[in-house]
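Novice: Have a look at the structure that comes next, please.
The values are calculated or read from the model by the stated rules, or taken from the named source; none is laboratory data. Model, not experiment: these values are computed from the prediction. All Cβ positions, glycine included, derive from the backbone under ideal geometry; neighbour counts span all protein chains shown.
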Amino acid sequence: MKLKSLVLAACMAATASVGLADGHAKLKVGMITTLSGGGAGLGIDVRDGFMLAMKQAGDTGIEVVIEDDQRKPDIAVQLADKMIQSEKVDVMTGIIWSNLAMAVVPSATAQGKFYLSPNAGPSALAGKGCHPNYFNVAWQNDNLHEAAGAYANTAGYKKSFILAPNYPAGKDALTGYKRQYGGELAGELFTKLGQTDYAAEIAQIRASGADSVFFFLPGGMGISFLKQYADSGIDLPVVGPAFSFDQGILQAVGAAALGVVNTSQWNKDIDNAANKAFVETFSAEYGRLPSLYASQGFDTANLLISAAAKADVRDADAFRAALKAADFASTRGDFAFGNNNHPIQNIYVREVIQEGDVFTNKIIGTALESHQDVYASDCAN
């Protein structure tokens, strides 16, 4: 289905929404996410997971307005202003990229809006910059990278070469990896956000004497890097977060990714009823396996649905408490918010495998159990 048709279908589905608690006014959600250009697959997955949960909830009561930020901070700010001032939304969600989140979230929460993040988790919003109306339903940016560093430790890697894009999530990624990694670095690089040619970086890896490579390059960046890395003939083990080895990326990269180890708080083989049902219904609805991003969109919607059934969004204290309770069946199983409204959760180790013609991941271990981000102690919530 073409992107335009997908957007139309999502907007039409937005009118079929959730039953609110008796006597509560309707709730309006503004979703700003990336639906075109580089990284569009991530936003499409978040949107599709979110709208699947809305469709399953049925009834009426929550309206969703969806807009494409084109992965541009200025566009995201313009859309947020329109949603808050003209559309009069109560809750905002959808942003994929941390630089866009930093441009939108502080202003939205300062104006009394609730923001539920289905993806971006910049460190600046987890510590001193936390806000009672900001809830991250995915992770704090460092978390999956911390788990990768912990895995590298147990695997005996002593000289990693590490790289990530030069934007807030990329900086958090390398900080997180180094926090748990016990060896020395063969090299550390920040690449351009949206970069597609990695010849220079791969040459530096080749000359570095590294015994392993860690990279965080989400979306199309990861596809480009992995293909070029595989073609380079460099035979070093690769470790990364799920963002670089998720369903969309794996289908584009193919066999070159087999055996790569990556870290995630979610996978399709997590054994609980909610996750099994999600994988089955998402696959049936959209004709593809769900990704990490789709699971995060699905969980974000179900969190919102659970809160709306308990409290009126106009009663900010009650609605905030209903969100904090996280009384919904997460695809991850146990789900709880820490004091800074970020998840406390397990981070798993996955391996890229092939099932028939499909490249996917399986869980092979747990890197970090009931993990909370390090910035929470600086949050005054």
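Novice: Tally up the residues in region 320-339 that are in a loop (DSSP other than H, G, I, E, B), at pLDDT 95 or above and either assigned by TED's automatic domain parsing to the domain that holds I364 or surrounded by fewer than 24 Cβ atoms within 10 Å (Cβ to Cβ) (or both), please.
Specialist: 7
Novice: If you go through region 161-191 one residue at a time, how many are of a type in the set (D, E, K, R) and within 20 Å of the chain's Cα centre (by Cα)?
Specialist: Final tally of qualifying residues: 2.
Novice: Run down V91, V104, V77 and say which single residue is farther than 27 Å from Q265 by Cα and either among the β-branched types (V, I, T) or touching a residue at least 40 places away in the same chain (Cβ under 8 Å) (or both).
Specialist: V77
Novice: Please list, ordered by first then second residue, the pairs with beta carbon atoms under 9 Å, 6 or more apart or interchain, first in region 339-362 and free of Cβ contacts under 8 Å to residues at least 12 places away in the same chain, second surrounded by fewer than 21 Cβ atoms within 10 Å (Cβ to Cβ).
Specialist: E355/K362
Novice: Oh, and also: Conditions first: (1) in contact with a helix residue (DSSP H, G or I) (Cβ under 6 Å, 6 or more places away or on another chain); (2) without any contact (Cβ under 8 Å) to a residue 40 or more places away in the chain. D315 passes all but one, so which condition is the exception?
Specialist: (1)
Novice: Restricting to region 94-112, and then to whatever is out of contact with any Lys or Arg (no Cβ under 8 Å at 6 or more places or on another chain) and surrounded by 23 or more Cβ atoms within 10 Å (Cβ to Cβ), can you tell me which residue is nearest to Q296 (Cα to Cα)?
Specialist: I95
Novice: Do we have L35 as within 17 Å of A294 (Cα to Cα), at pLDDT 95 or above and in contact with a strand residue (DSSP E or B) (Cβ under 6 Å, 6 or more places away or on another chain) here?
Specialist: yes
Novice: Does region 138-158 contain any residue that is in contact (Cβ under 8 Å) with a residue 12 or more places away in the chain, in contact with a helix residue (DSSP H, G or I) (Cβ under 8 Å, 6 or more places away or on another chain), assigned to a strand (DSSP E or B) and of a type outside the set (K, R)?
Specialist: no
Novice: Return the residues of region 136-177 that are among the small types (G, A, S) and over 22 Å from I234 (Cα atoms); say none if nothing qualifies.
Specialist: Result: A138, A147, A150, A169, G170, A173, G176.
Novice: Continuing with the same structure: Which residue, of Y134, Y181, Y177, is surrounded by 19 or more Cβ atoms within 10 Å (Cβ to Cβ) and in the same structural domain as F328 (by TED's automatic domain parsing)?
Specialist: One residue alone meets the criteria, Y134.
Novice: Could I ask something else about it? With respect to D269, is the statement that it is surrounded by fewer than 17 Cβ atoms within 10 Å (Cβ to Cβ), without any contact (Cβ under 8 Å) to a residue 60 or more places away in the chain and either assigned by TED's automatic domain parsing to the domain that holds E188 or not aliphatic (A, V, I, L, M) (or both) true?
Specialist: When the stated conditions are applied, D269 does not pass them.
Novice: Give the residue that is nearest to A110 (Cα to Cα), with candidates limited to residues of region 71-83 that are of a type outside the set (D, E, K, R) and crowded, with 19+ Cβ neighbours inside 10 Å.
Specialist: Ranking the candidates gives A80 first.
Novice: Being of a type in the set (G, A, S) and either at pLDDT below 95 or farther than 19 Å from A210 by Cα (or both) is the filter here; which residues of region 177-193 pass it?
Specialist: Within region 177-193, G182, G183 qualify.
Novice: Continuing with this model, one more query. Looking at C130 and the list (1) in a loop (DSSP other than H, G, I, E, B); (2) out of contact with any Cys (no Cβ under 7 Å at 6 or more places or on another chain); (3) closer than 27 Å to I305 by Cβ, which single condition is not satisfied?
Specialist: (2)
Novice: Across region 213-255, what is the total count of residues that are in a loop (DSSP other than H, G, I, E, B) and either touching a strand residue (DSSP E or B) at 6+ places or on another chain (Cβ under 7 Å) or over 20 Å from A138 (Cβ atoms) (or both)?
Specialist: 8
Novice: Right, something else. For A203, only one of the following conditions fails: (1) touching a residue at least 12 places away in the same chain (Cβ under 8 Å); (2) outside any strand (DSSP E or B). What is its number?
Specialist: Unmet for A203, out of (1) touching a residue at least 12 places away in the same chain (Cβ under 8 Å); (2) outside any strand (DSSP E or B): (1).
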